[in-house]
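Asks: Structure incoming, see below.
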Ligand SMILES: [Zn+2]
């Protein structure tokens with residue numbers, strides 16, 4: 001043990017080092033490039049921008065700053081109206097309001113039956129505030145499948161009617177030759193099974209409402225789906241979508257040998273012949289009131305046109321500029337962080353700074369040849385990649401002519417790591433590059449880029465992952481994603497610009513410049529789907545949360561449904577001990593709904609290691625409640 005004097009000398013030295021360290025990070029750089037990048041990140045991650053939460057005013061200041069920087073760099077506004085802003089809305093909260101009702105009426109008998117919400121019918125989350133008062137047509141499974149020579153709407157006039165249909169597809173769960181859709185391995189994978197497909201088909205046939213009913217595969221309990229199950233992040237249908245208990249519909253459909261809905265299902269499944277008909281004499285009167293809160297968001301998009309034979313094609317460079325604001329959503333800082341600005345310097349003022357820097361460099365080039373460069377600062381990434389998803393649904397330049405997308409998210413915290421596995425040799429700055437398996441030639445391209453920057457690069461094939469490149473990868477655009485690793489300040493108020501490694505961040509920009517130079521001029525890279533799941537070598541625990549209670553699960557980032565599907569469960573981990581299995585979809589933790597991976601992280605940040613919590617999973621469409629003790 002050191003003497004007191006020695007100890008206090010150490011303390012003093014430590015203190016000095018701390019002061020010197022933070023002073024160093026804030027002191028202006030002599031290098032003009034470092035200095036402008038330092039200024040960018042200190043503004044974007046400064047108090048004025050309020051952590052760039054989509055609900056804050058501060059994010060507007062950040063957006064103006066980025067747009068202004070694009071303009072200064074000589075980028076053209078991408079929107080037809082001459083603006084850099086691509087606006088979109090996201091659903092932030094949703095609630096079923098009043099009046100909401102469903103009444104069945106028989107015109108011949110004058111029978112009127114108002115159904116009880118929650119036990120006899122439920123409103124599906126796809127519904128907007130809307131009304132429908134119309135006659136009923138039974139349309140089997142509501143499927144039109146020319147490929148399979150099957151059409152529930154054949155010879156049926158559904159225009160102006162409320163269509164009544166079975167859930168899922170005929171012969172659900174059947175294997176081998178007996179399956180309805182032999183183009184896919186399982187019934188769930190059929191393109192005709194999802195609710196959204198049935199809704200779109202009903203819209204195409206000019207229906208004015210949907211009454212859905214479980215097929216017998218749902219089991220004898222005949223559960224009604226909850227409104228919230230499909231209320232977030234989905235485009236609502238244009239009319240009421242209701243779910244009704246089978247026993248309510250049985251008497252409406254009964255005629256002759258047919259006594260129940262299940263009887264019709266059996267007939268259709270037997271010979272795969274549609275059995276659709278008008279439900280004579282019956283009408284339904286539906287009214288739905290939905291209270292939706294929306295946030296107005298915007299992507300910021302600037303363009304540098306290319307030249308030569310490839311000028312018609314595009315390379316996208318992107319980074320999200322939003323963060324979690326005051327941490328009311330997705331904070332990992334626990335109760336003490338509530339209401340504090342989460343500056344998001346690394347996540348992702350760093351990537352945004354890199355984006356601006358690259359815009360300046362490419363904007364300053366004269367007679368640049370090759371593809372068009374499109375610079376996009378995405379919003380609402382933290383809420384679930386909404387900005388990039390919106391761009392990919394509404395691309396300003398065709399995605400089939402987009403040769404590649406390069407994403408930067410958290411590029412400000414590189415640090416030297418050993419280059420040999422023993423950890424005794426030379427150290428180099430760490431950089432993780434994802435998507436190396438998504439385009440041909442990417443492996444070599446990454447080596448080429450690193451020739452100048454000399455990072456210790458971890459190359460990962462996966463194209464999916466928890467950032468905006470994921471949205472492009474799903475649209476079959478080859479992607480590369482740069483990331484310098486997670487840290488203890490991730491999604492906490494302590495992710496401040498003072499802790500950013502500005503020279504390291506500049507080096508990542510140098511790296512991306514080489515990538516972009518090459519990608520704008522090479523033959524269009526072929527797209528490959530990758531098998532490997534996302535993994536983070538800087539984070540031994542999953543997902544990207546650095547500490548806190550863990551269940552020991554690996555999320556499936558390709559999953560598009562509600563909740564978080566598990567690609568794997570750690571052997572001997574908390575989840576496995578509690579009975580959670582591969583393929584389960586976590587939909588609720590401790591009474592809080594889990595919509596996606598971010599929602600999972602938020603729910604877990606409120607848990608305590610060693611204290612059991614109720615976790616609800618969907619297993620083969622059934623809700624299973626399990627007690628799990630996080631570790
Ligand atoms: Zn991020």
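Asks: With respect to residue 280, determine if the residue is free of Cβ contacts under 8 Å to residues at least 12 places away in the same chain and either in the same structural domain as residue 172 (by TED's automatic domain parsing) or part of a helix (DSSP H, G or I) (or both).
Replies: In short, yes.
Asks: Can you tell me how many residues in the stretch 589-622 are over 22 Å from residue 335 (Cβ atoms) and in a helix (DSSP H, G or I)?
Replies: 1
Asks: Mind checking which residues of the stretch 296-316 are surrounded by fewer than 19 Cβ atoms within 10 Å (Cβ to Cβ) and part of a strand (DSSP E or B)?
Replies: Those that are surrounded by fewer than 19 Cβ atoms within 10 Å (Cβ to Cβ) and part of a strand (DSSP E or B): 296, 307.
Asks: May I pose another question? Just checking, does the stretch 576-599 include any residue being crowded, with 18+ Cβ neighbours inside 10 Å, at pLDDT below 80 and under 30 Å from residue 315 (Cα atoms)?
Replies: yes
Asks: Also, quick follow-up: Does the stretch 503-522 include one or more residues that are in the same structural domain as residue 348 (by TED's automatic domain parsing), part of a strand (DSSP E or B), modelled with pLDDT of 95 or more and within 16 Å of the ligand (Cβ to nearest atom)?
Replies: Looking through the stretch 503-522, none of the residues is in the same structural domain as residue 348 (by TED's automatic domain parsing), part of a strand (DSSP E or B), modelled with pLDDT of 95 or more and within 16 Å of the ligand (Cβ to nearest atom).
Asks: Among 196, 213, which is out of contact with any helix residue (DSSP H, G or I) (no Cβ under 8 Å at 6 or more places or on another chain) and under 28 Å from residue 133 (Cα atoms)?
Replies: Result: 196 is the single residue among 196, 213 that is out of contact with any helix residue (DSSP H, G or I) (no Cβ under 8 Å at 6 or more places or on another chain) and under 28 Å from residue 133 (Cα atoms).
Let's see how each residue does on (1) within 17 Å of residue 355 (Cβ to Cβ); (2) out of contact with any helix residue (DSSP H, G or I) (no Cβ under 9 Å at 6 or more places or on another chain):
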| site | (1), (2) |
| --- | --- |
| 389 | no, no |
| 392 | no, no |
| 396 | yes, yes |
| 405 | yes, no |
| 415 | no, no |
| 418 | no, yes |
| 424 | no, yes |
| 432 | no, yes |
| 437 | no, no |
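Asks: On the phi > 0 side of the Ramachandran plot and touching a residue at least 60 places away in the same chain (Cβ under 8 Å): which single residue out of 437, 485 fits that description?
Replies: Testing whether each residue is on the phi > 0 side of the Ramachandran plot and touching a residue at least 60 places away in the same chain (Cβ under 8 Å) leaves just 485.
Asks: Only strands (runs of 3 or more DSSP E) wholly contained in the stretch 103-172 count here; list those with 2 or more residues that are in the same structural domain as residue 213 (by TED's automatic domain parsing) and touching a residue at least 24 places away in the same chain (Cβ under 8 Å).
Replies: Output list reads 121-123, 130-138, 162-166.
Asks: Here's something else I'd like to know. Criterion first (over 27 Å from the mean Cα position of the chain (by Cα), in a helix (DSSP H, G or I) and crowded, with 21+ Cβ neighbours inside 10 Å) does residue 268 satisfy it?
Replies: So residue 268 fits the description; yes.
Asks: For the stretch 332-384, how many residues meet the condition of being assigned to a helix (DSSP H, G or I), within 16 Å of the ligand (Cβ to nearest atom) and over 16 Å from residue 410 (Cα atoms)?
Replies: 0
Asks: Related question: Which residues, taken from the stretch 91-102, are closer than 22 Å to residue 247 by Cα and outside any loop (DSSP other than H, G, I, E, B)?
Replies: Result: 101, 102.
Asks: So, in the stretch 317-331, of the ones that are within 13 Å of the ligand (Cβ to nearest atom) and in a loop (DSSP other than H, G, I, E, B), which residue ends up farthest from residue 596 (Cα to Cα)?
Replies: Applying the filter and picking the extreme gives 321.
Asks: Just one of (1) out of contact with any helix residue (DSSP H, G or I) (no Cβ under 8 Å at 6 or more places or on another chain); (2) closer than 26 Å to residue 394 by Cα; (3) surrounded by fewer than 18 Cβ atoms within 10 Å (Cβ to Cβ) trips up residue 157, so point out which.
Replies: (2)
Asks: Same structure, new question: Do any strands (runs of 3 or more DSSP E) lying entirely in the stretch 400-491 carry at least 1 residues that are within 16 Å of the ligand (Cβ to nearest atom), and which ones are they?
Replies: Filter on the stretch 400-491 gives 402-408, 427-434, 479-483.
Asks: If residue 625 satisfies all but one of (1) part of a strand (DSSP E or B); (2) in contact with a helix residue (DSSP H, G or I) (Cβ under 9 Å, 6 or more places away or on another chain); (3) free of Cβ contacts under 8 Å to residues at least 60 places away in the same chain, what's the number of the condition it fails?
Replies: Unmet condition: (2).
Asks: Look at residue 567 and say whether it is surrounded by fewer than 22 Cβ atoms within 10 Å (Cβ to Cβ) and assigned to a strand (DSSP E or B).
Replies: Against the criterion (surrounded by fewer than 22 Cβ atoms within 10 Å (Cβ to Cβ) and assigned to a strand (DSSP E or B)), residue 567 qualifies.
The values are calculated or read from the model by the stated rules, or taken from the named source; none is laboratory data. Keep in mind that what you see is a predicted model, and the values were worked out from it rather than measured. Note: ideal-geometry Cβ built from the backbone for every residue, glycine included; neighbour counts use all protein chains shown.
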